[in-house]
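Right, one structure below, let's go through it.
The values are calculated or read from the model by the stated rules, or taken from the named source; none is laboratory data. Keep in mind that what you see is a predicted model, and the values were worked out from it rather than measured. Here the Cβ positions follow ideal geometry from the backbone for every residue, glycine too, while neighbour counts run over all protein chains shown. Note: areas computed on protein heavy atoms with side chains; ligands, DNA, RNA excluded. Shrake-Rupley method; radii C 1.70, N 1.55, O 1.52, S 1.80 Å.
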Amino acid sequence: KIYTRPQVDEEKKEIKKRSHNNALSTKEKESYRWIQSLENTVNAFPGRTKDVITIGDREADIYDLFARAYQLDTHVLIRGNHNRKVNKKSPHSEKTGDKLWNLLKNQNSQGTIEIEIPKQSNKPSRKAICQISF
């Protein structure tokens, strides 16, 4: 599916700005495409015998996506954007109410990845070594 951001009239822009986008239903929001993609992924593998994992970037870090994945009994891997409280029913949290960033800081590194960062303006090119935790 190819997605391009539609033109939004000034009235809707103002509503979104004032309400932090809470005035719109989930289906009216641009982020609803993440839920549609999740549903399409699950539907593409009927009777699945293996885990299917839907991957999303920081725009996919929305509660409704996590709730829908739970309803569909499927998995998501999302680049975190919000330092939210971890669901107290999560098997990955030993303490109720941990914040995501603190929880991840306390996890053992599962590996590293080296990334080449190209030269930008007055900064030279360089390598970054990132720890992988989950």
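Tell me, what is the FRET efficiency for residue 52 and residue 129 to the nearest 0.05, using R0 = 35 angstrom and their Cβ-Cβ distance as r?
0.70
Please work out how much length the chain gains when fully extended from residue 71 to residue 36, using 0.36 nm per residue of separation minus the C-alpha to C-alpha distance, in nm with one decimal.
Extending this stretch completely gives an extra 11.2 nm.
Residue 58: accessible area at probe 1.4 Å, nearest 10 Å²?
Using a 1.4 Å probe on the heavy atoms, I get roughly 120 Å².
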